[in-house]
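The values are calculated or read from the model by the stated rules, or taken from the named source; none is laboratory data. All figures in this text were calculated on a predicted structure; none of them were measured in a lab. Because the Cβ atoms are built from the backbone with ideal geometry, glycine has one as well, and the counts that use them run over all protein chains shown. Just the protein is used for accessible areas: all its heavy atoms, side chains included, with ligands, DNA and RNA removed. Shrake-Rupley method; radii C 1.70, N 1.55, O 1.52, S 1.80 Å.
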Amino acid sequence: MPLNLCDYENRTRDAIKAFWKTRDDAKRKQKESGKTDQGERAGVTGGKNMDGFSSLVVDLVKANGLPGADIHQQRAVLTLPGYFRPTKLWDLLVIDKGRLIAAVEFKSHIGPSFGNNFNNRTEEAIGTSHDLWTAYREGAFGEQERPFVGWLMVVEDAPGSRKPVKDKSPHFPVFPDFVGASYLKRYDILCQKLAMEQLYTSAAIIATPRSAAMNGAYSELSSMTGLRSFVASLAGHIAAEAAR
């Protein structure tokens, strides 16, 4: 039976439009209420800006063989046990008959600051997956097959994320693939390595300009980290679990 990718391209364009609209609405409401979030943070603390992507994942689960699975999206039921810490709060969990089927993180990075935030996102991605897989190894989820662990990143397509970046490493050289790489390229490299090192089943990045609030425009950095790869990987995992 072929995998159902749920018209992900059109769904993604809709998700991008909602992403920018939700951010703009949150900033406007904070300004009207007199709250003090600074700059782009106002668009994040309003929440729900990645709901379109979450909805796509929900439909992928239902369409590929697990319509009765428990899909958790509410904060109170999104924690999983960790190994280096007691628990970790995820963005979406899929649980079927007591088995952890999937755990997904949705992240975004909007300018103008890309440097420090890139490092923070990188450390967060690596630490989160290492903690989960160690907990899995130690039996935190019982005896079961490896779950799908996904990381989906939306980054603003802007001059600041596209321009080459210089690094200082006075003692030893940085790896060649990072030399002169923009922050978008660095995210692409990060996602490729997260998947190659099996820290995530699939890690994807898409770039979108602020003007995409009107048309949902986005671009992918490579086939390995593109949305089709992410969506197909998740759909395939769900179908395999349904067949057990």
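Return the total of residues in region 81-96 being in a strand (DSSP E or B) and under 19 Å from Met50 (Cβ atoms). The qualifying residues number 5.
Residues in region 134-148 that are closer than 15 Å to Leu89 by Cα and under 19 Å from the mean Cα position of the chain (by Cα): 0 in all. Given (1) at pLDDT below 95; (2) in contact with a helix residue (DSSP H, G or I) (Cβ under 9 Å, 6 or more places away or on another chain), where does Arg244 come up short, assuming only one miss? So Arg244 meets the others, but not (2). Kindly indicate whether any position in region 224-234 is open to solvent by 20 Å² or more (accessible area, probe 1.4 Å), closer than 18 Å to Ser129 by Cα, modelled with pLDDT of 95 or more and not basic (Lys, Arg). Yes: region 224-234 contains one or more residues that are open to solvent by 20 Å² or more (accessible area, probe 1.4 Å), closer than 18 Å to Ser129 by Cα, modelled with pLDDT of 95 or more and not basic (Lys, Arg). Counting residues in region 173-186 that are crowded, with 17+ Cβ neighbours inside 10 Å and touching a residue at least 40 places away in the same chain (Cβ under 8 Å) gives one or more.
The residues of region 209-223 that are assigned to a helix (DSSP H, G or I), over 17 Å from Arg162 (Cα atoms) and touching a helix residue (DSSP H, G or I) at 6+ places or on another chain (Cβ under 6 Å) amount to a single one, Ala213. Here Asp177 meets each of (1) touching a helix residue (DSSP H, G or I) at 6+ places or on another chain (Cβ under 6 Å); (2) part of a strand (DSSP E or B) with one exception, condition (2). If the requirement is being open to solvent by less than 40 Å² (accessible area, probe 1.4 Å), among the aliphatic types (A, V, I, L, M), without any contact (Cβ under 8 Å) to a residue 60 or more places away in the chain and not in a loop (DSSP other than H, G, I, E, B), which of these qualifies: Ile206, Ile189? The match here is Ile189. Listed by position, the helices (runs of 4 or more DSSP H) inside region 1-78 whose residues that are at pLDDT 90 or above number at least 3 are 8-33, 51-63.
Evaluate the following for Glu197: is it exposed (fewer than 15 other Cβ atoms within 10 Å of the Cβ) and under 13 Å from the mean Cα position of the chain (by Cα)? Criteria not met by Glu197. Within region 209-226, the residues that satisfy the criterion of being free of Cβ contacts under 8 Å to residues at least 60 places away in the same chain and closer than 18 Å to Ile189 by Cα are Glu220, Leu221, Ser222, Ser223, Met224, Thr225, Gly226. Here Ala102 qualifies as in contact (Cβ under 8 Å) with a residue 60 or more places away in the chain, in a strand (DSSP E or B) and within 15 Å of the chain's Cα centre (by Cα).
Could you tell me whether any residue of region 153-161 is at pLDDT 95 or above and closer than 25 Å to Ala69 by Cα? The answer is yes; a qualifying residue exists.
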